[in-house]
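The values are calculated or read from the model by the stated rules, or taken from the named source; none is laboratory data. Just so you know, these numbers come straight off a predicted model, no measurement behind them. Positions of Cβ are generated from backbone atoms using ideal geometry, with glycine treated the same way; all protein chains shown enter the neighbour counts.
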Amino acid sequence: MLPQRRRRLATWTLALLAAVWAAVLVVPPAIVVRSRAAWLESLEQPEAQRRWDEFRDAMRSQSGRQGPVQRKVPKSAEPPLRVWLRDYVWLAIAAWLVLGGALGAFTLVLVAGALGFRADSVASGRGSAGP
């Protein structure tokens with residue numbers, strides 16, 4: 001009875017971890033995609049561009065000073081978040097999915113091994129092979 005109970009607990013544990021892993025992979029990109037239009041709209045306001053221009057002007061005025069920190073003037077005429085959301089968001093989502101997917105898969109393999117799952121028992125559908 002105890003091995004069946006342990007097997008069932010291990011199976012539920014892996015299922016829960018897989019569900020959490022899937023949520024961690026899907027939810028943040030979904031939030032970014034859903035919020036992207038509103039963020040871009042707010043960043044296209046003249047106030048956002050004015051703040052970015054003021055920041056660049058402040059960096060330009062600090063770039064020629066002597067001292068331990070030399071400031072560099074940002075090259076972009078647009079706020080970086082606007083450029084990122086407009087041009088590179090899909091690259092960031094792809095990187096999130098690839099890196100998060102690999103990390104999650106590796107973690108699931110480690111947990112499965114710690115719970116006693118073996119490749120031959122998982123392939124045959126028997127679950128945990130016991131201690």
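Tabulated results
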| quantity | calculated |
| --- | --- |
| Enumeration of residues in segment 23-54 that are more than 21 Å from V98 (Cβ to Cβ) and small (G, A, S) | S35, A37, A38, S42, A48 |
| Tally of residues being more than 12 Å from L108 (Cα to Cα), free of Cβ contacts under 8 Å to residues at least 60 places away in the same chain and under 23 Å from the mean Cα position of the chain (by Cα) across segment 1-24 | 1 |
| Search result, residues across segment 4-17 that are over 12 Å from L115 (Cα atoms) and either of a type in the set (D, E) or modelled with pLDDT under 85 (or both) | Q4, R5 |
| Pairs where the first residue, in segment 60-77, is β-branched (V, I, T) and the second is surrounded by 10 or more Cβ atoms within 10 Å (Cβ to Cβ) and in a loop (DSSP other than H, G, I, E, B), C-beta under 6 Å, 6+ apart | V73/S63 |
| Test: residue in segment 39-49 that is in contact with a helix residue (DSSP H, G or I) (Cβ under 6 Å, 6 or more places away or on another chain) and aromatic (F, W, Y) | yes |
| Cβ-Cβ under 9 Å pairs, at least 6 apart or on other chains, segment 36-51 side without any contact (Cβ under 8 Å) to a residue 12 or more places away in the chain, far side of a type in the set (A, V, I, L, M, F, W, C) | S42/A48 |
| All helices (runs of 4 or more DSSP H) inside segment 23-131 with 3 or more residues being surrounded by 14 or more Cβ atoms within 10 Å (Cβ to Cβ) and modelled with pLDDT of 90 or more | 46-62, 89-114 |
